Amino acid sequence: MDNKNKARFIESMTNIGAIMLLLGAVTYITKWDSAPYYYLVGSLMFAAGQFSDRYTGTDPIMKRLRFQQVLGACFLLVTGFLMFSDGLHMRLLENPAMGGKLNHFLLTVTRRNNWIVTLSIGALFELYSAFRMDHISKKQD
């Protein structure tokens, strides 16, 4: 596969992943059973596209923004796993074998709406870096 086709494939995979990610996040609120699966598959596709995209230049600002994009993709992946933690939260409450401090820590981490925090952070990183990278590339041209 030549570079042009590879770039198109990566871009289309990232776009499809972003659509699935958005669909999963929006429908998760309605308690649709398949929503976390859509979100997780979409976030995996989106993150794979972000991880495979490289910046080979020397501009330190663009390197920092690329790092922010990758970090944002990591937060979006963590969000997908936190969406599945609702069932884990209930199992932890029912398990008497869990110790006091460990049980408290795990219950705090798996509380129902923690995924919203990681989704917001990831989206903020992605949004800021996308607009800023576009602005810098237009200025350089």
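Values quoted throughout were computed directly from the atomic coordinates according to the rules given, and no laboratory measurement underlies them. On a predicted model such as this, the values are computed, not experimentally measured, just so you know. Backbone-built Cβ (ideal geometry, glycine too); neighbour counts: all protein chains shown.
In table form, for the structure just shown:
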| read-out | value |
| --- | --- |
| Charged-residue dipole, Cβ positions (Lys, Arg, Asp, Glu), the stretch 1-69 about Cα centre, Debye nearest 20 | 180 debye |
| Spin-label pair R8/F51, simplified geometry with 7 Å Cα→Cβ offset, distance in nm | 2.6 nm |
